[in-house]
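What follows draws every value from the coordinates through simple rules; no lab data is involved. This one's a predicted model, so the numbers in the text were calculated from it and none came from an experiment. So basically every Cβ, Gly included, is an ideal-geometry build from the backbone, and we count neighbours across all protein chains shown.
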Amino acid sequence: MFAQKDTKKEVLKELSEKACQCTDSIRLLNRNKKDILKDVHDCIDKYTGALQISTLLSGAEDLAKTAPEVNGKKQINLNFNTSKDSKQYIDSYNDIERYLMNNCQSVKNIATTSETNDEGFSKDNEAMDFYHNGRALTEKKDWKGAIENYEKAVKKDPEFVYAWDALGINYRRNEEFDKAISAYEKSLKLNPKGKMALQNIPVVYIYKKEFQKAIDSYMKLDKVYPGDPEVYYGIGNVYFNALKDDEKGLDYICKAYKIYSNQKSPYRSDAEAMIASIHKSMKEKGKTEKFKEILKNNNISTE
């Protein structure tokens, strides 16, 4: 079947769209993010083997050109490696994962979701109505309309954590940065371990170009969630893109990449893309060996 496909790209698209349909059915509410990511991994894994086979068959024609003849017929040996630690499997898995991160909305939503629980919502029905109205307007990118509804939600219930978080997001989108930080701080007073607020405060400081405050805020996230890859990715992003420090940026991004990979998180592809950008920058500056050294120190292969 796969030999009839015109290109590997078409097969990748077909299989990735099936994996996307699988992720569409993943339940998010009131679940640990680790379990959600495992479900994403299972959806990708389900179609990885098929992509491996397709890749092998697509290369058969080139192999035939140099293959030896046995009894007047070309003999080609195609080795399908069933090990999930093999380069063959990992390459196919990563290809599907990258496609999903770029094209599958449900995976994008999963990658950005935080762990949620009922305690963050309001028991006031009217406050919840305003909250849902705000979400509907947010999906339409009507930031001002969303803000009006979220403000009404927290006025009805000042302890509505998720409404404060949503306010912070929409204030930032509307470039009301100080209001965004204030909303997140009110959320944290109610829930000091609120990941949404802790993750987004440094993002607002980046928009304000207050980069040291952004780094300090990421370190506060690290105190509450030690070893969270968002800390390393965020700080690495600040050093590379804002402070133009390739080496520090690379070191932090490598740490994020390793954790994302261990977690089988779709964000691994974002860290991979950042590493590629840093490589380009360091290569232009004649620092290729330093690039390899930092990767080696983080136990990442340069091959």
Whole-number value, in Å³ per residue, for the convex hull of the alpha carbons of the stretch 189-251 is 71 Å³
Table column - 3J(HN,Hα) (Hz), the stretch 155-161, Karplus curve with 6.51, -1.76, 1.60, x for Gly and Pro: 5, 6, 9, x, 9, 7, 4
From the residues 288, 80, 278, which one has its Cα farthest along the dipole of the chain in the positive direction, the dipole being from +1 and -1 charges on Cβ of Lys/Arg and Asp/Glu about the Cα centre? 288
Evaluate the charge dipole of the stretch 119-297 about its Cα centre and quote only its size in Debye, nearest 20, assuming +1 on the Cβ of each Lys and Arg and -1 on the Cβ of each Asp and Glu. 520 debye
Please work out the FRET efficiency for the pair residue 193 and residue 46, using the Cβ-Cβ distance as r and a Förster radius of 35 Å; give the result to the nearest 0.05. 0.55
Over the chain, what lengths in whole Å, largest first, do the semi-axes of the equivalent ellipsoid take, defined as the square roots of 5 times the eigenvalues of the alpha-carbon gyration tensor? 42, 25, 15
For residue 58 and residue 21, calculate 0.36 nm times their separation in residues minus their Cα-Cα distance, and state this gained length in nm to one decimal. 10.8 nm
Fully extended, how many nm does the chain gain between residue 289 and residue 132 (0.36 nm per residue separation, minus their Cα-Cα distance)? 51.3 nm
Karplus-derived 3J(HN,Hα) from phi for the stretch 225-242 (6.51 cos²θ - 1.76 cosθ + 1.60, θ = phi - 60°), whole Hz, x at Gly and Pro, runs 10, x, x, 5, x, 4, 5, 5, 5, x, 5, x, 5, 5, 5, 6, 7, 9
Per-residue ellipticity at 222 nm for the chain, helices alone: DSSP H runs ≥ 4 residues times -39500 (n - 2.57), over residue total, nearest 500 deg cm²/dmol? -22500 deg cm²/dmol
Rg/Rh for the stretch 119-297: what does it come to with C-alpha atoms and Rh from Kirkwood? 1.06
In a GNM of the chain with a 10 Å cut-off on Cα contacts, which of 222, 251, 129 has the highest mean-square fluctuation? 129
Would you work out which of 191, 181, 211 lies farthest towards the positive end of the dipole of the chain? Charges go on Cβ: Lys and Arg +1, Asp and Glu -1. 211
Dipole of the chain (Lys/Arg Cβ +1, Asp/Glu Cβ -1, origin at the Cα centre): which of 259, 239, 120 lies farthest to the positive side? 239
For the chain, give the magnitude of the charge dipole about the Cα centre (Cβ charges: +1 Lys/Arg, -1 Asp/Glu; no others), in debye to the nearest 20. 440 debye
Please give the length that would be gained between residue 175 and residue 262 if that part of the chain were fully extended, namely 0.36 nm times their separation in residues minus their C-alpha to C-alpha distance (nm, one decimal). 27.8 nm
Residue-wise HN-Hα coupling along the stretch 34-39, computed from phi with Karplus coefficients 6.51, -1.76, 1.60 (Hz; x: Gly, Pro): 4, 5, 5, 5, 5, 5
How are the C-alpha pair distances of the stretch 160-217 spread across 5 Å bins, as whole percents from the shortest bin up? 5, 25, 33, 24, 12, 2, 0
I want to verify a result. In a Gaussian network model of the chain, Cα cutoff 10 Å, which of these has the top mean-square fluctuation: 191, 241, 79? 79
Quick one: among 227, 120, 286, which has the greatest mean-square fluctuation in a GNM of the chain with alpha-carbon springs under 10 angstrom? 286
Taking the Cβ-Cβ separation of residue 301 and residue 155 as r and a Förster radius of 51 Å, what is the calculated FRET efficiency to the nearest 0.05? 0.40
Between residue 245 and residues 5 or more places away or on another chain, which pairs have amide H atoms under 5 Å apart, with H built 1.01 Å from N, and which residues are they? 240
